[in-house]
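The values are calculated or read from the model by the stated rules, or taken from the named source; none is laboratory data. Here the structure is a predicted model, which means the values were calculated and not measured. Cβ coordinates were reconstructed from backbone atoms using ideal geometry, including for glycine residues, and neighbour counts include every protein chain displayed. Just so you know, the surface numbers come from the protein's heavy atoms only, side chains and all, with ligands and any DNA or RNA stripped out. Shrake-Rupley method; radii C 1.70, N 1.55, O 1.52, S 1.80 Å.
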Amino acid sequence: MQNPFDSVIEQLENVSKLIEVDTKILEKLKKPNKILEGEVSAGGKKYHAYRVQYNNARGPYKGGIRYHPQVNMDEVKALAAWMTFKCAAVNIPYGGGKGGIAVDPKGLTRDELEELSRGWVRLFFKDIGPEKDIPAPDVYTNPQIMEWMVDEYSKLAGKPTPAAFTGKPIERGGSIGRESSTSEGGIIILLELLKKLGKDPKGLTVAIQGYGNVGHFAAFYLHEKGFKVVALSDSKGGIYNPDGFEPQKIFKCKLEKGALNQCHIEGSVTDAEGKKITNEELLELDVDILIPAALENQITEENANNIKADIILELANGPTTPKADTILNKKRKIIVPDILANAGGVVGSYFEWLQNMKNDKWDEKKFSEELNKNLVLAFEDIWKKSKELDIELRTAAYVVAVERVAKAMG
Ligand code: NAD
């Protein structure tokens, strides 16, 4: 299995071949500023907890907290590095960090989940806060978990401190629009790309791997804009219908039945028009656009040659290994890299934090307008750089990001 932190180093090496980066700065960028770890307990059991503070040259550390059995130091380090470059790529005043707990949250009761989440905050309290390090949700963490965390933080701080975490429920200092902003942002970027390519979104077929927070909102937005969402999947498998799904109906079904592959006989999807597929099959479908929205290392050298989609929109972090990237680039596939494609989430978090810091409340219109403004500009910068240096979008995004971080460090 590809070590995701090795991918980070490779990406940095690629950039240093294209632009001049001071050697000392480059070496510093290959290591996190600070690694925090310890044990947290829930229901009498202990779990390993992490926070990696990668770089804060451009602002406080920022990044989500993941609860997953496979969370490990290399993964958290890679995710923290990617946050650093993501915040720089879309030009928001944050550095990068990431956290997690190696746990299967599906095996915990609600009380145990709360105990675990409050424990994480007590463990890292001294090192986090609105101007130091601001965590947010990631895989298998959600607004409820952020609510417990901000409550624990506020108790320890002796005052309400909503700006210490983003991704909170709206009634607890969260922002309208934040929960769906990763997906909304991804679709804003996709539409900009299609404009550059002179393609009409209407009727373009899309397959989405992962039907959690990011995947299901992406399906909603795509459907709304006229794309045809033909395949969806979650950790238990997927469903395919060449005529397209109604994402709202499928979402309701997943909530009721617990798994997408139980939904192929529901609503508009019947055995006759839709069928069960595996996650591997989903990636190789003959569609216009493929959206990985689950975990890293899904597109590898083993399956890259079988990918048929012309556009890959990386809503997940690190879904494509560097070797797969090379294969896809040779095949002239367009990959919208994670640090651009899914940056709507952290831009949305930044808006939530701004509102908390200024005791302000934005409405949906303002949130969407600001998100659009920020991401269209970011896309333009990266698109221009890719044309100027004749490089693909991923490298262009890293060049733009490393230039900005290096400037702040130098
Ligand atoms: P989530 O926990 O809400 O959903 C994860 C989804 O992936 C679930 O549907 C799960 O069933 C599915 N999944 C898990 N293992 C899978 C597998 N092996 N194959 C297929 N599907 C699988 O998480 P999320 O917040 O939607 O995050 C998804 C991805 O997006 C992650 O890579 C995350 O880092 C990235 N991301 C999330 C945000 C955010 O705001 N939540 C922002 C930027 C990037």
Unpartnered Cys in the chain, judged by a 4.7 Å Cβ-Cβ cut-off, are CYS87
Farthest towards the positive end of the dipole of region 4-172, among GLY129, GLN53, VAL40 and with Cβ unit charges of +1 on Lys and Arg and -1 on Asp and Glu, lies the Cα of GLY129
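Nearest 20 debye, what's the magnitude of the dipole of the chain about its Cα centre given +1 on Lys and Arg Cβ and -1 on Asp and Glu Cβ?
Details: 56 positive and 59 negative charges, 178 e Å.
Here the size comes out at about 860 debye.
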Once amide hydrogens are built 1.01 Å from N within the peptide plane, the residues lying 5 or more places from HIS68 or on another chain with amide H under 5 Å from its amide H are ILE101, VAL103
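Hey, got the dipole for region 143-289? About the Cα centre, +1 on K and R Cβ, -1 on D and E Cβ, debye to the nearest 20? It would help to have the intermediate numbers written out before the result.
Working: 18 positive and 21 negative charges, 90 e Å.
In total the dipole reaches around 440 debye.
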Which whole-Hz ³J(HN,Hα) couplings does region 197-210 yield from phi under the Karplus relation 6.51 cos²θ - 1.76 cosθ + 1.60, θ = phi - 60°, glycine and proline marked x?
7, x, 9, 8, x, 4, x, 5, 8, 9, 10, 10, 9, x
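As a test, work out the antiparallel percent of DSSP beta bridges whose residues both lie in the chain, rounded to the nearest 5.
Details: 23 of 47 bridges.
Bridges in the chain are about 50 percent antiparallel.
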Students often check this: by mean Cβ neighbours within 10 Å, which of 92-104, 277-289 ranks highest, and how do the rest follow?
92-104, 277-289
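Can you give me the accessible area per residue for region 4-172, using a 1.4 Å probe, in Å²?
Details: 6880 Å² over 169 residues.
Per-residue accessible area for region 4-172 comes out at 41 Å².
Could you check what % of the DSSP bridge pairs in region 181-341 are antiparallel, to the nearest 5? If you can, show how the numbers build up before the last one.
On the way: 7 of 22 bridges.
Beta bridges within region 181-341, antiparallel portion: roughly 30 percent.
Which entries in LYS45/LYS98; LYS196/LYS276; LYS373/LYS407; LYS17/LYS387 show an alpha-carbon gap greater than 26 Å?
Details: LYS45/LYS98 23 Å; LYS196/LYS276 35 Å; LYS373/LYS407 24 Å; LYS17/LYS387 17 Å.
Among LYS45/LYS98; LYS196/LYS276; LYS373/LYS407; LYS17/LYS387, the Cα-Cα distance tops 26 Å for LYS196/LYS276.
Given the peptides 82-91, 143-152, 245-254, arrange them by the average over their residues of other C-beta atoms within 10 Å, most packed first.
Values: 82-91: 27.2, 143-152: 21.4, 245-254: 18.8.
Final packing ranking: 82-91, 143-152, 245-254.
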State, as an integer percentage, the relative contact order of region 186-299 based on alpha-carbon contacts under 8 Å between residues 6 or more apart.
30 percent
Arrange the peptides 370-379, 205-214, 324-333 so that the one whose residues have, on average, the most other Cβ atoms within 10 Å appears first.
205-214, 370-379, 324-333
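Only helical DSSP H runs with n ≥ 4 go in: add -39500 (n - 2.57) per run for the chain, normalise by residue count and round the 222 nm mean residue ellipticity to 500 deg cm²/dmol. Mind showing how you got there, number by number?
On the way: 14 runs with 184 residues, N = 410.
Value at 222 nm, helices only, nearest 500: -14500 deg cm²/dmol.
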